[in-house]
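Written below as structure tokens is the structure these notes are about.
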Amino acid sequence: MKAIIPAAGMGTRLLPHTLTRPKVMLQVAGKPIIGHIADTLKQAGITHLSIIVGYKKERVIEYFSTLQGLSCDFPEQKEKLGLGHAVLYGLEDCDDPVLIVLGDTIINTDYNAFIARKTNTLGVVQVDDPKHFGIVVTNDKGYVISMVEKPENPPGNLAIAGLYLIQHQGLLKAALEKLIRDNKRTRGEFQLTDALKLMMEQGELFSVAEIDNWMDCGKKETLLETNRVLLQKNEKTLDTKNTEHCVIIPPVYISPNAVVNESVIGPNVSISSKTTVKNSVIRDSIIYEEATVENMLLTSTIIGQKAIVKGQLKSLNLGDFSETIE
């Protein structure tokens, strides 16, 4: 079985970090988002990936050229016409099953059990605000009886979580091609949900599987939260040879190629390769490659690649009822 990972988008909600890299290449817990996804798929025995690229495609292709044990192709979505349009680039005219995993969401579930299912299956999760998701309704046997993309009046709160198992990929390919021929769009785009609905109308059955954990990486706050969850889950051990006179408060990830001196790091901090940190206190933050941080107090912060952030240590002598503001 192969997997399709749509990874063509920019990620405007994560500017300015996506000015130089696609959203899927943003880092959490010491690795790009799509790297965590690829590792999980590889552990489940899926080694053939069709990664749909577009914006800053070179960053994605270069990253996967360094990974062992994966066979990848990189179809390009030149026009951003929706998720369904992107997925179509990875589908083949055959009856083989295919797994579709969105490239900007990290899903923690039993992938081996998921891909072993014998029906078309949607990974789902209960959400508080269903207006922002594809929503499904099931019958008492667990089969999907309706689905709608980002409804104004949601029929429920069971959301499609970005994980799809299609038993006959040729049927999905035909459904998407029909949408495009008929120019049937939802909110101006060709939606994967609409193609799945068309398959249902043609007699295909869809079941659902509630996933264990679903980590969104769509904006700064959720990216930092995902970093925290993954650090706690992975419990990374540290090579501390390049951390001198430091206090490390787990969980943290510090690259062996980073240099960290006279600082307090953690909890929930990722520091990437070739980064230098001196005389700083950092928590709940992500520091990218080759950045420099000196004399800073940082929390809930993302520092980009090769950025230089320097403060100034100072001495204060304040009397009662004083206040200092910077």
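In this simple spin-label model, placing a label point 7 Å from the Cα along the Cα-to-Cβ direction at both Thr119 and Lys178 gives a separation of 2.1 nm. Rounded to the nearest 0.05, the FRET efficiency derived from the C-beta distance between Thr66 and Leu15 at R0 = 22 Å is 0.25.
Stretching the chain fully between Asp96 and Asn213 yields a gain of 39.4 nm (0.36 nm per residue, less the alpha carbon separation). Subtracting the Cα-Cα distance of Asn108 and Gln305 from 0.36 nm times their residue separation leaves 68.1 nm of extension gain.
Taking every DSSP helix (H) stretch of at least 4 residues in the chain, weighting each as -39,500 (n - 2.57) and dividing the sum by the residue count yields a mean residue ellipticity at 222 nm of -6000 deg cm²/dmol.
Among the listed pairs Lys150/Lys219; Lys31/Lys78; Lys118/Lys197; Lys56/Lys233; Lys56/Lys80, those with a Cα-Cα distance over 22 Å are Lys31/Lys78; Lys56/Lys233.
The residues neighbouring Glu189, those whose beta-carbon lies less than 12 Å from its own, together hold a net charge of +2 under the Lys/Arg +1, Asp/Glu -1 convention.
Across segment 236-310, the convex hull enclosing all Cα atoms gives 60 Å³ per residue. Of the trypsin sites (Lys or Arg not before Pro) found in segment 152-196, the ones in coil according to DSSP and having at most 10 other Cβ atoms within 10 Å of their Cβ are Arg187. A DSSP coil position with no more than 11 other Cβ atoms inside 10 Å describes the following trypsin sites (Lys or Arg not before Pro) in segment 20-100: Lys78. Over all other residues within a Cβ to Cβ distance under 11 Å of Thr222, the charged ones net out to 0, with Lys and Arg as +1 and Asp and Glu as -1. Between Ile249 and Asn157, the contour length at 0.36 nm per residue exceeds the Cα-Cα span by 29.3 nm.
In this simple spin-label model, placing a label point 7 Å from the Cα along the Cα-to-Cβ direction at both Lys150 and Gln232 gives a separation of 3.0 nm. Near the amide H of Phe206, within less than 5 Å, lie the amide hydrogens of Val144, all on another chain or at least 5 residues away, with H placed in the peptide plane. Restricting the GluC sites (Glu not before Pro) of segment 10-113 to loop positions (DSSP other than H, G, I, E, B) with no more than 15 neighbouring Cβ atoms within 10 Å leaves Glu79, Glu92. In order along segment 108-123, phi translates into HN-Hα couplings of 9, 7, 7, 5, 4, 5, 5, 6, 7, 5, 9, 10, 4, 9, 10, x Hz, rounded to whole numbers, per the Karplus curve 6.51 cos²θ - 1.76 cosθ + 1.60 with θ = phi - 60° and x for Gly and Pro.
Residues whose amide H comes within less than 5 Å of that of Cys72, counting only those at least five positions distant or on another chain, are Leu49 (H built at 1.01 Å from N in the peptide plane).
Put one equal scatterer on each alpha carbon of the chain, apply the Debye formula with no solvent term, and list log10 I(q)/I(0) at q = 0.07, 0.11, 0.13 1/Å to two decimals. These q points yield log10 I(q)/I(0) values of -0.33, -0.74, -0.97.
No value in this document is a laboratory result; all are computed from the given coordinates. In this text the structure is predicted, and so the values were computed from the model without any measurement. So basically every Cβ, Gly included, is an ideal-geometry build from the backbone, and we count neighbours across all protein chains shown.
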